[in-house]
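Shown next, in structure tokens, is the structure this report addresses.
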Amino acid sequence: MSATWSAVLVRGPEELLAERAVSATLRELRHTAPDLEVIRVAAASYQPGELATHTSPSLFGGDKAVIVERLDEATDELVDDLTAYLQVPADDVTLVVTHSGAQRGKRAVDALIKHQARVVECPAIKTDRDKTDFVVNEFRRDGRKATPEAVRALVEALGRDTRELASAVAQLVADTEGVVDDRVVELYHGGKVEATGFRVADAAVAGQTGEALRLLRHAIASGVDPVPIVAVLASSLRQLVKVGSAGRGSSQQLAKQLGLAPWQVDKARRQLSHWTADGLGRAIQAVAAADVEVKGGGRDPVFAVERAILSITAARHDG
């Protein structure tokens, strides 16, 4: 095989990125080996000797890519066989291994690195800053731009699931033209539970009692469960505490330090000008109490959220 590496390690917990890395590797290999044979091996169900069988020369020759999926679920037999194979790798085989970064299978990972395998990192997309960067890069991959407000709206609506974020960007790219703005995102995704929860939270934190209650009742009437709404209320208040206690610095500096997007820092700073530490403490306690009630500790979950909203807006006004 003409590639300069005989093994590729795709390492990290973000499955979407790992799948893309494997696909990109196969595309690269097919540039020089259009008839590449691809064999997939599931680590969890591996049978002893299976790797040797797949990496042996075939009757008709040709290049192979053997993909070992989820090495972090490997049996001891697979770890042994993979480590032994790397001592004398086949010339016409590229070994592609995915591993979540967990401890299991580490001996084989170490052997791959010692073998100077090409390493592709797929880190977890966890923080809002990570998600914001991911969405921006998704649009960039497709040659499109989105306004910061549109990126924010997507992260708020779909931020729990990286695949959903990627699919949403692909849909917007396919269905629209020009720069994607928040009005377009609202049209496609404004009804998502997370987006609804953020609108309720924004109104409550801003002290807009009537608007927050109106949005809450609309959400409940649309079938939204109270639990995720309380979760967003709690998240919004925690964000204020994080930014408020972080000290001075530019939005970019604090965003990097706190794992937030810069717009979230700017937004929190604007909101904090209307809050005191005591008021935030009372609001957080009210939401904590609502969280217990909506998860089975109270008789009326909707009333529990309404009471939390009233407590938040009162705490903001009273300080």
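The values are calculated or read from the model by the stated rules, or taken from the named source; none is laboratory data. Owing to the predicted nature of the structure, the values given are computational and were not obtained by experimental measurement. A quick note on method: Cβ atoms are made from the backbone with ideal geometry, for glycine too, and the neighbour counts reach across all protein chains shown. Protein only, heavy atoms only, side chains kept; ligands, DNA and RNA dropped before computing areas. Shrake-Rupley method; radii C 1.70, N 1.55, O 1.52, S 1.80 Å.
Give me the tail of P(r) for the stretch 1-105 as a percent: Cα-Cα pairs with distance above 18 Å. Before the final figure, lay out each step's value.
On the way: 2461 of 5460 pairs.
Percent of Cα pairs beyond 18 Å in the stretch 1-105: 45.
Between 0 and 90 degrees, rounded to the nearest ten: what's the tilt of helix 262-272 against the longest Cα principal axis of the chain?
Rounded to the nearest ten degrees, it is 20.
Using the Kirkwood radius over Cα pairs, work out the Stokes-Einstein diffusion coefficient for the chain at 37 °C and 0.692 mPa s, in µm²/s as a whole number. Don't skip to the answer; put the middle values down first.
Values: Rh = 22.8 Å.
It diffuses with D of about 144 µm²/s by this estimate.
Can you work out the FRET efficiency for the pair D278 and A124, with r the C-beta to C-beta distance and R0 = 25 Å, to the nearest 0.05? Kindly include the intermediate steps, with their values, before the conclusion.
Working: r = 36 Å, r/R0 = 1.43.
For R0 = 25 Å, the calculated efficiency reads 0.10.
Starting at the first residue of the stretch 68-83, write each ³J(HN,Hα) from the Karplus equation 6.51 cos²θ - 1.76 cosθ + 1.60 with θ = phi - 60°, in whole Hz, x for Gly and Pro.
With the stated coefficients, the stretch 68-83 comes to 9, 8, 6, 4, 5, 10, 5, 7, 4, 5, 5, 4, 5, 5, 5, 4 Hz.
Would you please state the base-10 log of I(q)/I(0) at q = 0.15, 0.19 1/Å for the stretch 234-319, with intensities from the Debye formula using one equal scatterer on every alpha carbon?
Rounded to two decimals, the profile gives -0.59, -0.82.
I'd like the Karplus ³J(HN,Hα) series for the stretch 17-33: coefficients 6.51, -1.76, 1.60, θ = phi - 60°, whole numbers in Hz, and an x wherever there's a Gly or Pro.
5, 5, 4, 5, 5, 5, 4, 5, 5, 5, 4, 5, 5, 6, 4, 9, 9
Structure shown: which of K131/K256; K242/K267; K131/K295; K131/K267; K256/K295 lie over 23 Å apart, alpha-carbon to alpha-carbon?
Values: K131/K256 13 Å; K242/K267 12 Å; K131/K295 28 Å; K131/K267 17 Å; K256/K295 33 Å.
Violating the 23 Å limit, Cα to Cα: K131/K295; K256/K295.
Skip the ligands, DNA and RNA, and give the accessible area per residue of the stretch 1-136 with a 1.4 Å probe, whole Å².
52
Please work out the C-alpha center-to-center distance from the stretch 121-159 to the stretch 301-319 and express it in whole Å.
One Cα centre to the other: 32 Å.
Could you tell me what percent of the accessible area of the stretch 247-287 is made up of carbon and sulfur, with a 1.4 Å probe and every protein chain present? Don't skip to the answer; put the middle values down first.
Working: 1160 of 2280 Å².
That fraction is 51 percent.
Which percent of the accessible heavy-atom area of the stretch 83-178 goes to carbon and sulfur, probe 1.4 angstrom? Could you put the intermediate results ahead of the total?
Numbers: 2400 of 5070 Å².
Ligands and nucleic acids excluded, carbon and sulfur reach 47 percent.
Write down the accessible area per residue of the stretch 184-279 in Å², having rolled a 1.4 Å probe over the full set of protein chains. All intermediate terms of the calculation are to be shown ahead of the outcome.
Details: 4550 Å² over 96 residues.
I get 47 Å² per residue for this part.
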